[in-house]
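The values are calculated or read from the model by the stated rules, or taken from the named source; none is laboratory data. Values in this document were obtained by computation on a predicted structure and should not be read as measured data. Neighbour counts are summed over all protein chains in view; Cβ atoms, including those assigned to glycine, are modelled from backbone coordinates with ideal geometry.
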Amino acid sequence: MQPIEEIRVRLDGDMQQLESLVAGGSAPAGASGAQEGDKALSKRFEELKVKYTGKKGEISGLLRSMGTLAPEARPEFGKLVNELRDYAEAKFAALQAKIQEAEIASSLSGSTLDATLPGYRIPAGSLHPMTQVREEIISFFQGLGFELALAPEVDNDWYNFEALNIPPDHPSRDMHDTFYVDDKVVLRTHTSNVQVHYMETHRDQPIRIIAPGFVYRVDNDATHSPMFQQVECLVVDKDISFAHLKGTLFLWARHMFGAETTMRFRPSYFPFTEPSAEMDVSCYFCKGTGTVPTGSGTLAPAGGAPGQPCRTCKTTGWIEIGGCGSVDPNVFGKVGWDPEKYTGFAFGFGIDRITMLKYGIPDISHLTRNDNRFLRQF
Ligand code: DAH
């Protein structure tokens, strides 16, 4: 029995030594020193584990030596060796757990990583001002029961011009305004093409649609961009009059620009409406007076300094919003609807323009420059 006791005593001694190394920190402080120390400790641990409990280790050696014992002594000897193996394995398992804990603690304290620091904040984005204005317009009209409609940005001449009563020699077909893909295909110059698509596919039924989208024109300066957004509206039914158009736009203008907003219609011409008008709203910077009021607060920088002529409306007191009118009977004829039975109204406004007016943005290129200093303001 002596060799068993002897191994147990040595095992206890070795384990104690290792344990005190783990408890006291295995190496001098500092990232690389601590890691070196951890490695040495694990290596020593593995060596001892193999030495005592490995296949060719001391405890297995004891079992192998059993043949040299008297047969009657063997059962007792075997039992004691097995107890020793269980004892050794439990010790190694406990020590391994302690070593792992110590390794984690030292890698946290020794490295430059400070797990207690707050993480990086990823700044949240926000909707582009034009997107906000577009969605505000759409949701207002959806609230009135209008349906959202869309039409192609690359379209046939028929939809962009011909069916809208724009004859082949009309100035808006001029190469200087229109991007031609080929003789018969264009990048749409306005969202009015949606009127033709929708009337062709929804025959003989009341129509109430709101249709935003991108449009293209050969144009590029401080207030024009070759690609911009419009929003189109079309209402068709029996007995729709210009008064319905006025009432609808009045509600919308007050929603969009404030409860004191007034509006006016100036006679105009569009081939697809008769009569046609330009709609203006009262300038909300100067309240229609042409002079920036005192106490106009944060709005003042965009309109001009208090008491100065209003820059937003160029002192006229009015802001142009866009074109509108009653659907021309010729358009009904082109799409195969009976102009004797149906009447309607339509309008088409520039979303870029409304955004610039609403927020007092002086240059249209801000809208597409993607400068965070600008975008963060919305
Ligand atoms: N499509 C016209 C343009 O881009 C705007 C327009 C005017 C649309 C009158 C309409 C309308 O629906 O009735 O200049």
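Here Asp169 passes the criteria (1) farther than 23 Å from Thr355 by Cα; (2) surrounded by 14 or more Cβ atoms within 10 Å (Cβ to Cβ) except the one numbered (2).
Taken together, Ile138, Ile210 contain a single residue that is surrounded by 13 or more Cβ atoms within 10 Å (Cβ to Cβ), more than 14 Å from the ligand (Cβ to nearest atom) and under 29 Å from Asp363 (Cβ atoms), which is Ile138. Do you know which of the residues in segment 208-238 that are among the β-branched types (Val, Ile, Thr) and outside any strand (DSSP E or B) is farthest from Gly322 (Cα to Cα)? This residue is Val218. Among the residues of segment 296-315, at least one is closer than 30 Å to Pro226 by Cα and modelled with pLDDT of 90 or more.
Regarding segment 252-265, can at least one residue be identified that is surrounded by fewer than 19 Cβ atoms within 10 Å (Cβ to Cβ), within 27 Å of His197 (Cα to Cα), away from the ligand (no atom under 11 Å from the Cβ) and among the basic types (Lys, Arg)? No, segment 252-265 contains no residue that is surrounded by fewer than 19 Cβ atoms within 10 Å (Cβ to Cβ), within 27 Å of His197 (Cα to Cα), away from the ligand (no atom under 11 Å from the Cβ) and among the basic types (Lys, Arg).
Determine, yes or no, whether Phe374 is assigned to a loop (DSSP other than H, G, I, E, B), away from the ligand (no atom under 16 Å from the Cβ) and closer than 18 Å to Val133 by Cα.
Values: assigned to a loop (DSSP other than H, G, I, E, B): no; away from the ligand (no atom under 16 Å from the Cβ): yes; closer than 18 Å to Val133 by Cα: yes.
So Phe374 fails the test.
Those helices (runs of 4 or more DSSP H) of segment 299-366 in which at least 2 residues are more than 29 Å from the chain's Cα centre (by Cα), considering only elements entirely within it, cover 300-303, 329-334. Scoring Ala115 on the criteria (1) surrounded by fewer than 14 Cβ atoms within 10 Å (Cβ to Cβ); (2) small (Gly, Ala, Ser); (3) within 19 Å of Val331 (Cα to Cα) leaves a single failure, condition (3). Remark: pairs (first residue in segment 324-352, outside the structural domain of Phe141 (by TED's automatic domain parsing); second residue at pLDDT 95 or above and buried (at least 16 other Cβ atoms within 10 Å of the Cβ); Cβ separation under 8 Å; 6+ apart in sequence or on different chains) are absent.
Restricting attention to segment 315-336, which residues are touching a Ser or Thr at 6+ places or on another chain (Cβ under 9 Å), within 11 Å of the ligand (Cβ to nearest atom) and not hydrophobic (A, V, I, L, M, F, W, C)?
Step one: list which residues in segment 315-336 are touching a Ser or Thr at 6+ places or on another chain (Cβ under 9 Å), which gives 315, 317-319, 323-329, 331-332.
This time we only want the ones that are within 11 Å of the ligand (Cβ to nearest atom), so: 323-328, 331.
Of everything in segment 315-336, those that are touching a Ser or Thr at 6+ places or on another chain (Cβ under 9 Å), within 11 Å of the ligand (Cβ to nearest atom) and not hydrophobic (A, V, I, L, M, F, W, C) turn out to be Gly323, Gly325, Ser326, Asp328.
Any residue at all in segment 193-202 that is in contact with a helix residue (DSSP H, G or I) (Cβ under 8 Å, 6 or more places away or on another chain), assigned by TED's automatic domain parsing to the domain that holds Trp252, of a type outside the set (A, V, I, L, M, F, W, C) and farther than 20 Å from Phe332 by Cα? No, the conditions are met nowhere in segment 193-202. Figure legend. Inter-residue proximity from segment 157-169: first residues in the same structural domain as Pro329 (by TED's automatic domain parsing), second residues of a type in the set (Gly, Ala, Ser) and modelled with pLDDT of 95 or more, beta-carbon distance below 8 Å, spacing 6+ or different chains. Indicated pairs: Tyr159/Ala151; Asn160/Ser192; Leu164/Ser192. Look at segment 248-273: where a residue is closer than 19 Å to Thr312 by Cβ and of a type outside the set (Lys, Arg) and a partner is within 12 Å of the ligand (Cβ to nearest atom) and part of a helix (DSSP H, G or I), sitting 6+ places away or on another chain with Cβ atoms under 8 Å, you get Met263/Leu249. Taking every residue in segment 76-94 that is among the acidic types (Asp, Glu) and pairing it with any residue that is surrounded by fewer than 17 Cβ atoms within 10 Å (Cβ to Cβ), at least 6 positions away or on another chain, the pairs with Cβ-Cβ distances below 9 Å are Glu76/Met1; Glu83/Ile4.
Considering only residues that are part of a loop (DSSP other than H, G, I, E, B) and either surrounded by fewer than 21 Cβ atoms within 10 Å (Cβ to Cβ) or within 12 Å of the ligand (Cβ to nearest atom) (or both), which ones fall in segment 266-294?
Applying the first criterion (part of a loop (DSSP other than H, G, I, E, B)) to segment 266-294 yields 271-272, 283-290, 292-294.
The answer is Pro271, Phe272, Lys287, Gly288, Thr289, Gly290, Pro293, Thr294.
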